[in-house]
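Comments concern the structure below.
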Amino acid sequence: MSRVGKLPIPVPAGVTVNIKGNEISVKGPKGSLSQTLTDGITASLEDGKITFVRPTENKRHKALHGLYRALTNNMVKGCSEGYKVEQELVGVGYRATSTGNMLDLILGYSHHVVFELPSEIKVATRQDRGQNPIITLESHDKQLLGAVSAKIRSLRAPEPYKGKGVKFVGEQLRRKAGKSAAKK
């Protein structure tokens, strides 16, 4: 089993952690988040470090121990530094523009795809000449950021032959050869 749950989480300067019963709330310069602990997992704040204790050595308690430690670590990191995801639009005529929290995408359909983002996420688009358009999403909530970026990717997932679609910057795609490779 993983020993992740036993590692203490250091609390950086500028971040305040409040533990009341089974509720952990983290507040920092980027924002604030909270998490409810279940199944007897308890958290404590001592000497600027958050530690977690599980009630038994039960397999479920061991799994939840590591889960809540990881979720709290993501909350502390998000409230202090924040998270950033970059996505690339690969395809002829694919474009992205943003106004406020509205993302307008042209993805090869007969219509524009207008995507409204939650208020916790900041969006920026960039299109350099000769380069693919880039969408940059920033937030303090890692779970929400991952869900929104996955939803944007699902609007036009990359296809395996030409690689057209919405992909994460740096993502390696598995490419297929196509019909012409079989004739040779």
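The values are calculated or read from the model by the stated rules, or taken from the named source; none is laboratory data. It should be emphasised that the depicted structure is a prediction, and the values quoted were computed from it without experimental measurement. Cβ atoms come from the backbone with ideal geometry, glycine included; neighbour counts cover every protein chain shown. To get the accessible areas, we keep the full protein, side chains included, count just its heavy atoms, and leave off ligands, DNA and RNA. Shrake-Rupley method; radii C 1.70, N 1.55, O 1.52, S 1.80 Å.
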S25 fails exactly one of (1) part of a strand (DSSP E or B); (2) touching a residue at least 12 places away in the same chain (Cβ under 8 Å), namely (2)
Flagged in the stretch 149-184 as modelled with pLDDT of 90 or more and of a type in the set (S, T, Y), in numbering order, are S149, S154, Y161
A careful count of residues in the stretch 161-173 that are farther than 16 Å from G108 by Cβ and not β-branched (V, I, T) gives 5
Any chance the stretch 32-39 includes a residue that's part of a loop (DSSP other than H, G, I, E, B) and either over 23 Å from the mean Cα position of the chain (by Cα) or not hydrophobic (A, V, I, L, M, F, W, C) (or both)? yes
Among residues of the stretch 1-31 being open to solvent by 70 Å² or more (accessible area, probe 1.4 Å) and touching a Cys at 6+ places or on another chain (Cβ under 8 Å), the residue farthest from L71 (Cα to Cα) is P29
Expected output for the stretch 127-150 (first residue farther than 13 Å from K84 by Cα, partner hydroxyl-bearing (S, T, Y) and surrounded by 14 or more Cβ atoms within 10 Å (Cβ to Cβ), Cβ below 7 Å, 6+ apart or cross-chain) is P133/Y94; P133/T125
(1) modelled with pLDDT under 95; (2) crowded, with 16+ Cβ neighbours inside 10 Å; (3) not in a strand (DSSP E or B) all hold for T56 apart from (2)
Per the filter on the stretch 138-184, residues open to solvent by less than 80 Å² (accessible area, probe 1.4 Å), in contact with a helix residue (DSSP H, G or I) (Cβ under 6 Å, 6 or more places away or on another chain) and not in a loop (DSSP other than H, G, I, E, B) are S139, V166
Residues of the stretch 112-131 being surrounded by fewer than 16 Cβ atoms within 10 Å (Cβ to Cβ) and among the polar types (S, T, N, Q), in sequence order, are S119, Q127, Q131
